[in-house]
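K.L.:
Here's a structure for you.
The values are calculated or read from the model by the stated rules, or taken from the named source; none is laboratory data. Note that the structure is predicted; figures quoted are calculated from it, not measured. Counting neighbours? That spans all protein chains shown, and the Cβs are built from the backbone with ideal geometry, glycine included.
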Amino acid sequence: MPKVVSIHSYRGGTGKSNFTANLATTMALLGHRVGVVDTDVPSPGIHNLFCLEPEQMGKTLNNYLWGESPIQDAAYDVSANIGVDSPGQLFLVPSSVKADEIARILKEGYDVKLLNDGFRSLVKALQLDYLFIDTHPGLSKETFLSIAISHVLILILRPDKQDYQGTAITVDVARQLKVRKMLLAINKAHSKLNLEALKQKVEETYGETVAGVFPLSEDMVQLASEGVFCVKYPEHPVTKEFRKVAQQIIEG
């Protein structure tokens with residue numbers, strides 16, 4: 001049965017899109033058919049990581065939300081861009097990066113129910129094993145929908161007081177929405193921190209499993225979103241941590 005995995009953070013700047021791209025790619029490298037939908041409509045960006053240029057995007061999620069095309073017409077096979085070979089495959093549904101189209105969707109909004117219908121259509125049309133949803137930070141109708149329909153919700157937080165408080169709110173909301181499985185991922189942890197102690201503290205604070213702890217990586221900063229980190233650095237400790245998280249999703 002296909003699984004829907006939402007990647008979310010209460011605040012921006014947590015590295016959510018980078019995390020989504022790397023985790024989805026890890027799944028595809030393990031031989032799965034994977035889809036990624038960029039629902040961060042106000043500030044899309046994950047297409048950069050998959051080396052998909054704006055001029056290559058004939059259709060986007062926006063066109064589907066406006067009733068102009070089926071969602072699968074906005075799905076691009078980016079497998080070759082990032083070095084994923086058969087039987088694995090990776091598709092991306094990007095949001096538009098055109099200023100006028102971003103402005104239009106912010107002004108007019110869209111029917112959130114359409115997103116749910118679109119996710120179902122995409123999974124069926126592309127015969128996906130996993131669908132990853134890269135959400136917009138914070139809490140909104142779109143976020144509530146993504147959380148409610150997810151088989152797995154991954155909340156990303158940094159070791160930062162504001163992130164801790166925001167994550168507490170999001171965990172409460174997710175429990176009220178009866179999310180089936182919730183995992184936490186600690187990102188951008190400073191090298192001077194005791195990562196095992198940090199993991200234990202976060203698990204005790206929220207009563208949820210920490211799927212992975214990702215140190216602040218200079219190598220990732222230098223890559224500057226030009227490609228997927230786990231493909232460029234297959235033996236890096238960060239890449240190995242993504243494999244650990246992927247395994248927990250597969251087993252969950």
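K.L.:
Look through segment 193-218, keep the residues that are loosely packed, with under 13 Cβ neighbours inside 10 Å and of a type outside the set (S, T, N, Q), and return whichever of them is farthest from Val152 (Cα to Cα).
P.N.:
Checking each candidate, the answer is Glu218.
K.L.:
Can you pull out the residues in segment 184-220 that are charged (D, E, K, R) and in contact (Cβ under 8 Å) with a residue 24 or more places away in the chain?
P.N.:
Of the residues in segment 184-220, the ones charged (D, E, K, R) are 188, 192, 196, 199, 201, 203-204, 208, 218-219.
Residues satisfying the conditions are Lys188, Glu208.
K.L.:
Identify the residue in segment 70-86 that is assigned to a helix (DSSP H, G or I) and β-branched (Val, Ile, Thr) and, among all such residues, is modelled with the lowest pLDDT.
P.N.:
Initially, segment 70-86 is screened for residues assigned to a helix (DSSP H, G or I), giving 71-74, 79-82.
If we keep only those that are β-branched (Val, Ile, Thr) as well, we get 71, 82.
Working: Ile71: 97, Ile82: 93.
Checked segment 70-86; the qualifying residue modelled with the lowest pLDDT is Ile82.
K.L.:
If you don't mind, there's one more thing I want to ask. In segment 208-229, is there at least one residue being under 19 Å from Phe132 (Cβ atoms), in a helix (DSSP H, G or I) and of a type in the set (S, T, N, Q)?
P.N.:
Among the residues of segment 208-229, not one is under 19 Å from Phe132 (Cβ atoms), in a helix (DSSP H, G or I) and of a type in the set (S, T, N, Q), which makes the answer no.
K.L.:
Within segment 55-69, can one find any residue that is in contact with a strand residue (DSSP E or B) (Cβ under 8 Å, 6 or more places away or on another chain), closer than 27 Å to Val245 by Cβ and without any contact (Cβ under 8 Å) to a residue 60 or more places away in the chain?
P.N.:
Checked against the condition, which is being in contact with a strand residue (DSSP E or B) (Cβ under 8 Å, 6 or more places away or on another chain), closer than 27 Å to Val245 by Cβ and without any contact (Cβ under 8 Å) to a residue 60 or more places away in the chain, segment 55-69 yields at least one hit.
Results for (1) modelled with pLDDT of 90 or more; (2) of a type in the set (D, E, K, R), shown as yes or no for each residue.
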residue: Leu198; (1), (2): yes, no
residue: Thr205; (1), (2): yes, no
residue: Ala211; (1), (2): yes, no
residue: Met220; (1), (2): no, no
residue: Phe229; (1), (2): yes, no
residue: Lys232; (1), (2): yes, yes
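K.L.:
Report every pair of residues separated by at least 6 positions or lying on different chains whose Cβ atoms are under 9 Å apart, first residue within segment 108-137 and in contact (Cβ under 8 Å) with a residue 12 or more places away in the chain, second in a loop (DSSP other than H, G, I, E, B) and aliphatic (A, V, I, L, M).
P.N.:
These pairs meet every condition: Tyr110/Val41; Leu122/Ala75; Leu122/Leu128; Ala125/Ala75; Leu126/Ala75; His136/Val41.
K.L.:
Tell me, please, whether a residue that is under 12 Å from the mean Cα position of the chain (by Cα), aliphatic (A, V, I, L, M), in a helix (DSSP H, G or I) and under 22 Å from Ser217 (Cβ atoms) can be found in segment 30-46.
P.N.:
Taking every residue of segment 30-46 in turn, at least one turns out to be under 12 Å from the mean Cα position of the chain (by Cα), aliphatic (A, V, I, L, M), in a helix (DSSP H, G or I) and under 22 Å from Ser217 (Cβ atoms).
K.L.:
Glu55 is checked against (1) of a type outside the set (Gly, Ala, Ser); (2) farther than 22 Å from Val231 by Cβ; (3) assigned to a loop (DSSP other than H, G, I, E, B) and fails just one. What number does that condition carry?
P.N.:
Only one criterion in (1) of a type outside the set (Gly, Ala, Ser); (2) farther than 22 Å from Val231 by Cβ; (3) assigned to a loop (DSSP other than H, G, I, E, B) is unmet by Glu55, namely (3).
K.L.:
Where the second residue is assigned to a loop (DSSP other than H, G, I, E, B) and among the β-branched types (Val, Ile, Thr) and the first is more than 16 Å from Thr25 (Cβ to Cβ) and free of Cβ contacts under 8 Å to residues at least 40 places away in the same chain and lies in segment 73-102, which pairs have Cβ atoms under 8 Å and are six or more apart or on separate chains?
P.N.:
Ala74/Thr60
K.L.:
Within segment 152-178, count every residue that is part of a helix (DSSP H, G or I) and either small (Gly, Ala, Ser) or under 30 Å from Met1 (Cα atoms) (or both). Spell out the reasoning first.
P.N.:
As a first pass, look at segment 152-178 and keep what is part of a helix (DSSP H, G or I): 161-176.
Filter once more, so that each one left must be either small (Gly, Ala, Ser) or under 30 Å from Met1 (Cα atoms) (or both): 166-168, 170-176.
The total comes to 10.
K.L.:
Name every residue in segment 105-163 that is farther than 30 Å from Leu193 by Cβ, of a type in the set (Val, Ile, Thr) and modelled with pLDDT of 95 or more, in order of residue number.
P.N.:
Val123
K.L.:
Can I ask one more? Say whether the condition of being in a helix (DSSP H, G or I) and acidic (Asp, Glu) is met by at least one residue in segment 230-242.
P.N.:
The initial filter retains those residues of segment 230-242 that are in a helix (DSSP H, G or I), namely 230-232, 237-242.
Add one more test, that the residue is acidic (Asp, Glu), and what stays is 241.
There is at least one residue in segment 230-242 that is in a helix (DSSP H, G or I) and acidic (Asp, Glu).
K.L.:
Follow-up. Before we move on, is Gly12 in contact (Cβ under 8 Å) with a residue 40 or more places away in the chain, part of a loop (DSSP other than H, G, I, E, B) and within 26 Å of Pro87 (Cα to Cα)?
P.N.:
So Gly12 does not fit the description; no.
K.L.:
Is segment 16-30 home to any residue that is among the β-branched types (Val, Ile, Thr), at pLDDT 95 or above, in contact with an Asp or Glu (Cβ under 6 Å, 6 or more places away or on another chain) and surrounded by 24 or more Cβ atoms within 10 Å (Cβ to Cβ)? Please lay out each step first, then the result.
P.N.:
First, pick out the residues of segment 16-30 that are among the β-branched types (Val, Ile, Thr): 20, 25-26.
Narrowing further to those that are at pLDDT 95 or above: 20, 25-26.
Imposing the further condition that a residue be in contact with an Asp or Glu (Cβ under 6 Å, 6 or more places away or on another chain) reduces the set to 20.
Still in the running and surrounded by 24 or more Cβ atoms within 10 Å (Cβ to Cβ): 20.
Yes.
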